[in-house]
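The values are calculated or read from the model by the stated rules, or taken from the named source; none is laboratory data. Quick caveat: nothing in here was measured; it's all calculated off a predicted structure. Here the Cβ is made from the backbone with ideal geometry for all residues, glycine too, and neighbour counts use every protein chain on show.
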Ligand SMILES: [Zn+2]
C-alpha cells in the first residue's frame, strides 16, 4: 500500500511528500519530518513496507515535536523514542495481520463467499488482556 498524501498527527494535518532524494544535514536520509511546515518527506527509493516504516518513524518525530516532549529529550533520546514507537507499531501491525489472515483462511475453507464477508464485518479487533 502506498503512503497516504496527508496524515493527522495529534490532530494536525501533515502533508506526505515522496521525493527522489531526502537530504538532512548534507546527508541522504530515508525520511524527514518538518514539524514547522508540517511536511513529512519520504525517500522514494524504498519498498512500500519500508516507506510505511519510515512514515511511522517520522510521524513519531512529529508527535514528539508537537507535544513538546522532543525538547525534554536529547537528540539521541528522541531518535530512540521514534525507533521504539516504530517497532511497537510494526509489531502490532504484524500481530493484527496474522489474526486477520488466520481467521479469513479458516472461514474461507468452510464458509461461502457471502458468509465470509459478513463474518469479517462483525469481527472486532482482539482486546488486550
Ligand atoms: Zn529519526
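Residues in the stretch 55-76 that are away from the ligand (no atom under 11 Å from the Cβ), part of a helix (DSSP H, G or I) and over 17 Å from residue 34 (Cα atoms): 72 alone.
The requirement of being within 11 Å of the ligand (Cβ to nearest atom), surrounded by fewer than 14 Cβ atoms within 10 Å (Cβ to Cβ) and at pLDDT 95 or above is satisfied by residue 80. In this structure, residue 16 does not qualify as within 28 Å of residue 94 (Cβ to Cβ), within 14 Å of the ligand (Cβ to nearest atom) and part of a strand (DSSP E or B).
Residue 38 meets the stated requirement of being modelled with pLDDT of 95 or more, away from the ligand (no atom under 14 Å from the Cβ), surrounded by 13 or more Cβ atoms within 10 Å (Cβ to Cβ) and on the phi > 0 side of the Ramachandran plot. Among the residues of the stretch 83-103, the ones that are surrounded by fewer than 13 Cβ atoms within 10 Å (Cβ to Cβ), within 16 Å of the ligand (Cβ to nearest atom) and farther than 15 Å from residue 33 by Cβ come to 2 in all.
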